[in-house]
Amino acid sequence: MEISLSDLRDKQVTTVSGERLGHISNVILDSTTGKLKRLVIHSEGYVPEGYKLDSENMLNIPFETVRSVKDMVMVKI
């Protein structure tokens, strides 16, 4: 299954345990390798342990934590 980066924008992000993290604002990739690096999420208030919001109220989650992309994006953190 292929998904375009534009399809990810504004998708809801939740943890596998059901905590709502927010909506995808951006996706960062490595320009050298083309590998997806992280999701930039506009936070809805819940910040998982070990993570923090940046100065623009965004949460950066490593892309390798993504477990499912359907109606929403599910991450394991």
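The values are calculated or read from the model by the stated rules, or taken from the named source; none is laboratory data. Please read these numbers as outputs of a predicted model, since none were measured by experiment. Every residue, glycine among them, receives a Cβ derived from its backbone with ideal geometry; neighbour counts consider all protein chains shown. To get the accessible areas, we keep the full protein, side chains included, count just its heavy atoms, and leave off ligands, DNA and RNA. Shrake-Rupley method; radii C 1.70, N 1.55, O 1.52, S 1.80 Å.
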remark   = Of the residues TYR46, ILE24, GLY34, the Cα lying farthest along the dipole of the chain towards its positive end, which is defined by charges on the beta carbon of Lys, Arg, Asp and Glu, belongs to GLY34
request  = Could you list the trypsin sites (Lys or Arg not before Pro) in segment 6-64 that lie in coil according to DSSP, counting only those with at most 10 other Cβ atoms within 10 Å of their Cβ?
outcome  = LYS35, LYS52
key: Environment charge of ILE28, counting only residues whose C-beta is closer than 11 Å and scoring Lys/Arg +1, Asp/Glu -1   = +2
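So, for the chain, what is the accessible surface per residue at a probe of 1.4 Å, expressed in square angstrom? All intermediate terms of the calculation are to be shown ahead of the outcome.
On the way: 5200 Å² over 77 residues.
Computed with neighbouring chains in place, this is 68 Å² per residue.
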remark   = Normalised Cα Rg of the chain, dividing by 2.2 N^0.38 Å with N its residue count, works out at 1.02
ask   = Using a probe of 1.4 angstrom, how much of the accessible area of the chain is carbon and sulfur, in percent?
value = 47
request  = Measure off 7 Å from each Cα along the Cα-to-Cβ vector at VAL47 and MET72, then give the distance between these two points in nanometres to one decimal.
outcome  = 2.1
